[in-house]
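Worksheet for the structure shown next.
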Amino acid sequence: MTGHGEPRIIVALDFADVSGAEALLAALDPARCRVKIGKELFTRAGPRFVERAVGAGFGVFLDLKFHDIPNTVAAACDAAADLGVWMVNVHAQGGPAMLAAARERLAPRTVRPLLIAVTVLTSLEAADLAAIGCPGEPPQRVLLLAELARNAGLDGVVCSPQEARALRASCGADFRLVTPGVRPASAERHDQKRVMTPAAAVAAGADYLVIGRPITAAADPLAALAAIEADLVAPLPDAAVSA
Ligand code: C5P
């Protein structure tokens, strides 16, 4: 689980233009949040943007979801570590050898990024899994892949807040759970279907909350961040989980 006092909120810097990401980065405080740089921003702005965010004091989650042969993924994780990122992720479906290679490549570093696995993308339903030859329900696969990641020595997984409670129970207290699909009660859901409030996600076992549009698309992003922080310390209502 997270250490006391460290920021739980990871702001997803999902912007079509680099200047939007730069402006938000300049307004945010690295003591209050971390930032996530994903495929879109990385492809537009490259490693220099990552270095700029790291240089400004932000913990950076480099969300590139590496999935390739073991040697290639291990080398990519090494390159991410050279950029000074706080967290990097790989696909658990790359298999045990790929996960172990990534973990082993980072092991000699005195300071290394947290190594996190993506289990089943939340955009995939049972029918999608069947179409790619993987029968069964997504939650079973999530659990199997999370245990594969834990056994390979990874630090945690990205998961839906709905899966957090079961994963916390099966993978233990030290396994990091990173959850997108988080929405303050009053916020628009956008395309996220199964959401939880920030406080409910943490109560379910989430360590870190990935939050994009409720902050990035707000008229006042800093006020939106402050409202989410307030939600995190407010008492939980009985029905805290949005269906
Ligand atoms: O804007 P919103 O809060 O929905 O952004 C959520 C972020 O988390 C996006 O960057 C999205 O790509 C990412 N994500 C997700 N669901 C997953 C994995 C990642 O929404 N299962």
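Here are the numbers for this structure:
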{"item": "Matching residues in the stretch 156-170 - criterion: being touching a helix residue (DSSP H, G or I) at 6+ places or on another chain (Cβ under 9 Å) and surrounded by 21 or more Cβ atoms within 10 Å (Cβ to Cβ)", "result": "G156, V157, C159, S160, P161, E163, A164, L167"}
{"item": "Qualifying positions in the stretch 16-37 - under 14 Å from R213 (Cβ atoms) and either modelled with pLDDT of 95 or more or under 17 Å from the mean Cα position of the chain (by Cα) (or both)", "result": "G20, A21, L24, K36"}
{"item": "Qualifying residues in the stretch 111-124 (those that are in contact (Cβ under 8 Å) with a residue 12 or more places away in the chain, away from the ligand (no atom under 13 Å from the Cβ) and assigned to a loop (DSSP other than H, G, I, E, B)) - the one surrounded by the fewest Cβ atoms within 10 Å (Cβ to Cβ)", "result": "R112"}
{"item": "Single residue of the stretch 143-189 satisfying the filter (within 16 Å of the ligand (Cβ to nearest atom) and of a type in the set (D, E)) that is farthest from L99 (Cα to Cα)", "result": "E188"}
{"item": "Condition met for A234 (farther than 22 Å from L62 by Cβ, more than 16 Å from the ligand (Cβ to nearest atom) and out of contact with any Gly (no Cβ under 9 Å at 6 or more places or on another chain))", "result": "yes"}
{"item": "Matching option when the condition is in contact (Cβ under 8 Å) with a residue 60 or more places away in the chain and surrounded by 15 or more Cβ atoms within 10 Å (Cβ to Cβ), among V85, V50, V11, V73", "result": "V11"}
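The values are calculated or read from the model by the stated rules, or taken from the named source; none is laboratory data. On a predicted model such as this, the values are computed, not experimentally measured, just so you know. As a convention, Cβ positions derive from the backbone with ideal geometry for all residues, glycine included, and neighbour counts pool all protein chains shown.
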